[in-house]
Amino acid sequence: MVLNQYVLSPELYGNTVPMQICIPAGEQFKNAEYLKEILDGLLKNRCSRSDTVTAFGGGVICDMTAFAAAVYMRGMHVQLVPTTLLSMVDASAGGKSGIDYRGYKNLIGAFKPAETIFICTELLATLDEEQYWSGFAEVIKHALLSDDDFLDQLMLNKARIVSRDHEFLAETVKRSLQVKITFIEQDPCETKGVRQLLNLGHTFAHAYETLSDFTVPHGTAVAWGIAKSLQYGTKLGITDPEYGRTIIRFLNELGYPVSSTIRNRKKFMELMLLDKKKKGNTLQLIVQKNRGETMMIPVHDHEQVSIVISEKPQTL
Ligand SMILES: NC(=O)c1ccc[n+]([C@@H]2O[C@H](COP(=O)([O-])OP(=O)(O)OC[C@H]3O[C@@H](n4cnc5c(N)ncnc54)[C@H](O)[C@@H]3O)[C@@H](O)[C@H]2O)c1
């Protein structure tokens, strides 16, 4: 990982002028048609397995480029220059690559870790508010999963978060990425039940964003999902109630819609049951006892989950 390198530096490309393949931005283009554009571009330029493809863009571009690199000639080199906060702290690390297929997110993919990730936090200055806060929810999630003072630093520096203080953001992105890497190193292929803990809030979030027809940005849904998993854990007597209240209040202060509730509980539960972490027919949820104390638990009784999604947190 290289922090704050400029993206067109000789370090990235040597002294050659790189060829470029441009793909439109947005989730609607993360599909087989645009994967083909990348593969055609690589072929047209006679790229070989020893060449390197560099993704410059958000999570969509990083995921698609890495997948193209995984399948082109059974694997060429890939490096990433993530340009959104979400892709810097989440999508760039861990090697998950892929495209959406027939309406299913990331249905086709491969593990293809990038050889180098170049992070330029200066790029965050141009992100719109929605994208910035969407990415910041994943930063908060990493701080909750970490048992050091990362969370305290966020809670003490709300003004610097809001103003996108560059120095603070550079340090925050670095710490956030380090948390993700710690989990991935323990369980690279998600087979040991460790990497799944990075999914804190995500089972609730995926159903929430799907129910909204993807009008709610991913990270915003994740912040809501984290609040729900804290409410759920508290109901079961797992989550320390004071911890749960503190985090939900913090998310609320940053403007995340934690008091939003679900009317169509039946549909929501159906969507939750599509989660990839399900074992057989049993839903698995990630809950926390406290900061840095996270676990995956089976959900045998759906009624408690159904109550939580329709209840505002008592804190607010
Ligand atoms: N591989 C993984 O582990 C992983 C993890 C999390 C998310 N993802 C994937 O990431 C994708 C979401 O990524 P995203 O949120 O970055 O969305 P995105 O790639 O669609 O980018 C969002 C928008 O931000 C714009 N943008 C990018 N950089 C910018 C900049 N510096 N300034 C201004 N605008 C900029 C883009 O043009 C686009 O309109 C999803 O497809 C998701 O599945 C992958």
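Annotations
Condition check ((1) touching a strand residue (DSSP E or B) at 6+ places or on another chain (Cβ under 6 Å); (2) assigned to a loop (DSSP other than H, G, I, E, B)) across all residues:
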| residue | (1), (2) |
| --- | --- |
| G255 | no, yes |
| S260 | no, yes |
| K266 | no, no |
| L271 | no, no |
| K277 | yes, yes |
| K312 | no, yes |
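- Residue satisfying condition, being small (G, A, S), open to solvent by 20 Å² or more (accessible area, probe 1.4 Å) and on the phi > 0 side of the Ramachandran plot, within set G103, G98: G103
- Look at (1) more than 12 Å from the ligand (Cβ to nearest atom); (2) open to solvent by less than 30 Å² (accessible area, probe 1.4 Å); (3) in a strand (DSSP E or B) and you find that I108 fails only one, number (2).
- Sole exception among (1) out of contact with any Leu (no Cβ under 8 Å at 6 or more places or on another chain); (2) under 29 Å from P113 (Cβ atoms); (3) open to solvent by 30 Å² or more (accessible area, probe 1.4 Å); (4) at pLDDT 95 or above for K174, by number: (1)
- For segment 29-46, taking the residues that are surrounded by 11 or more Cβ atoms within 10 Å (Cβ to Cβ) and over 13 Å from D63 (Cα atoms), the one that is modelled with the lowest pLDDT is identified as N45.
- Qualifying residue in segment 216-235 (condition: in contact (Cβ under 8 Å) with a residue 24 or more places away in the chain, touching a strand residue (DSSP E or B) at 6+ places or on another chain (Cβ under 6 Å) and surrounded by 17 or more Cβ atoms within 10 Å (Cβ to Cβ)): yes
- For segment 83-105, a residue qualifies if it is more than 7 Å from the ligand (Cβ to nearest atom), over 17 Å from K36 (Cβ atoms) and not in a loop (DSSP other than H, G, I, E, B), and the qualifying residues are L85, M88, V89, Y104.
- Considering the conditions (1) more than 14 Å from the ligand (Cβ to nearest atom); (2) assigned to a helix (DSSP H, G or I); (3) surrounded by fewer than 20 Cβ atoms within 10 Å (Cβ to Cβ), I140 is excluded by exactly one of them, (3).
- Filtered residue count, segment 111-128, keeping only those that are surrounded by fewer than 20 Cβ atoms within 10 Å (Cβ to Cβ) and more than 11 Å from the ligand (Cβ to nearest atom): 2
- Close contacts from segment 87-103, counting a first residue that is closer than 14 Å to M64 by Cα and a second that is of a type in the set (S, T, N, Q) and more than 7 Å from the ligand (Cβ to nearest atom), with Cβ to Cβ under 9 Å and a gap of 6+ residues or different chains, come to S97/T65; I99/N31; D100/Q28; D100/N31; Y101/N31.
- V89 among the hydrophobic types (A, V, I, L, M, F, W, C) and under 17 Å from the mean Cα position of the chain (by Cα): yes
- For segment 183-205, the tally of residues that are open to solvent by 50 Å² or more (accessible area, probe 1.4 Å), assigned to a helix (DSSP H, G or I) and under 16 Å from M295 (Cα atoms) stands at 1.
The values are calculated or read from the model by the stated rules, or taken from the named source; none is laboratory data. What you are looking at is a predicted structure, and each value in this text was computed from that prediction instead of being measured. No Cβ is skipped: glycine too gets one built from the backbone with ideal geometry, and neighbour counts run over all protein chains shown. Heads up: the accessible areas ignore ligands, DNA and RNA and are worked out on the full protein's heavy atoms, side chains in. Shrake-Rupley method; radii C 1.70, N 1.55, O 1.52, S 1.80 Å.
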